[in-house]
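**Student:** Sending over a structure as structure tokens; questions will come in a sec.
Just so you know, all these numbers are worked out from the coordinates, no wet-lab data involved. A quick note: this is a predicted structure, and the numbers were derived from the prediction, not measured. Cβ placement follows ideal geometry from the backbone for every residue including glycine, while neighbour counts extend to all protein chains displayed.
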Amino acid sequence: MRNAFDEIRGVFSNKSQAVTQIILLNVLVFAFLFFFRLIASFSDEGLSSYGQIIRWLELSAPIHDFVRKPWTIITYSFVHTGVFHILFNLIALYWFGTLLQDFIGVAKFKAIFFLGGILSGLLYLSLYNLLQYSDFSQIQPRLLGSSAAIYAVIFAAATLIPDYEFFFFQRFAVKLKYLAWAALLFSFLDLSSGLSHAGGALVGFGYVSLLRRGIDMAYPFQSFWGVFRRKPSVRTPEKSYASTRRMSSLFSEKSSFPDQDEVDAILDKISKSGYESLSKDEKHKLYLASQKKD
């Protein structure tokens, strides 16, 4: 048991494992709710308590409910009540999240996931309150699950590398852009799900499109949270030939990072010709850009 806790702590302390961290967080919340419901099922009072917990975590679209529980704009993305719901969501998050993180870096992947959940939730809330008295009033008043955030990840990847191919059964190759659109259209079999997913897809598309123009949608949030980050202590290095050589090496490594114009040119080339069309030097530059701190 202690080893399991050490492994979980190790995952959350490793900044490069953003996809695994989000998956693990969803699994932990699901496990807590599952066992709580199992225990609570032995009494009516217990089931009532379980229902109350769900209501305090889910996104409730009626505006009078939301203003009393504003934190649900974040928490709803981590709550699943069905096994298949969380299973399919986390498989999709692993596939597309890992792909996107490799191309765009950890910080921007996190930004896309969280902005996808938050902005699509706000869009859904707005649509519900605007349409509740129209013919589209059938949309559900509550949202649960990370689907919208995952669609933001999927469409960010599809916008970044639309011609990237997935191979199914080692025979059929499907381009990412077709896979993304097919999944979105299929989700409209349920209007509420479709609207929520479309909001996430719009965020993912918008994020990458603006990023290519030098605009990072997440910059205001990152700047805000940066105020609360602990500043690293500064040490004065001892004067020695070895330390001077190390500093020179660090300076050279830092200067090797490609600038934004180079990254944009590489991403455009990927969009037109695919990842395999990149030279070894271009792949290296893209890797360096993905590791660069935002």
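**Student:** Order of H85, H80, H64, H197 from fewest to most other C-beta atoms within 10 Å?
**Tutor:** H64, H85, H80, H197
**Student:** All other residues with a Cβ under 13 Å from the Cβ of L33 taken together, and with Lys, Arg as +1 and Asp, Glu as -1, what is their net charge?
**Tutor:** That works out to +1.
**Student:** Taking region 94-145, which chymotrypsin sites (Phe, Trp or Tyr not before Pro) meet the DSSP loop condition and have no more than 15 other C-beta atoms within 10 Å?
**Tutor:** Counting only loop positions with at most 15 other Cβ atoms within 10 Å, the chymotrypsin sites (Phe, Trp or Tyr not before Pro) in region 94-145 are Y133, F136.
**Student:** Placing unit charges on C-beta atoms (Lys and Arg positive, Asp and Glu negative, everything else neutral), compute the dipole magnitude of region 2-222 about its Cα centre in debye, rounded to 20.
**Tutor:** In debye, rounded to 20, region 2-222 gives about 420.
**Student:** Report ³J(HN,Hα) in whole Hz for each residue of region 77-89, in order, from the Karplus equation J = 6.51 cos²θ - 1.76 cosθ + 1.60 where θ = phi - 60°; Gly and Pro get x.
**Tutor:** Karplus-based 3J(HN,Hα) across region 77-89 equals 6, 10, 10, 10, 10, x, 5, 5, 4, 6, 5, 5, 4 Hz.
**Student:** What is region 2-222 by shape, rounded, prolate or oblate, if you read a ≥ b ≥ c off the alpha carbon gyration tensor as root eigenvalues and call it rounded for a/c under 1.5, prolate for a/b larger than b/c, and oblate otherwise? Let's see the in-between values first.
**Tutor:** Values: a/c = 1.59, a/b = 1.20, b/c = 1.32.
In terms of gyration-tensor shape, oblate.
**Student:** How big is the charge dipole of region 1-111 about its Cα centre, in debye rounded to the nearest 20, if each Lys and Arg gets +1 on its Cβ and each Asp and Glu gets -1 on its Cβ? Provide the component values of the computation, followed by the final result.
**Tutor:** Details: 9 positive and 7 negative charges, 62 e Å.
In total the dipole reaches around 300 debye.
**Student:** Another one. Which of the chymotrypsin sites (Phe, Trp or Tyr not before Pro) across region 184-224 are loop residues per DSSP, with 15 or fewer other Cβ within 10 Å?
**Tutor:** F188
**Student:** Name the trypsin sites (Lys or Arg not before Pro) in region 54-137 that are in a loop by DSSP and that have at most 15 other C-beta atoms within 10 Å, would you?
**Tutor:** R68
**Student:** Let me ask something else about it. Just to confirm a number: summing +1 for Lys and Arg and -1 for Asp and Glu over residues other than I23 whose beta-carbon lies under 15 angstrom from that of I23, what do you get?
**Tutor:** Computed value for this residue: 0.
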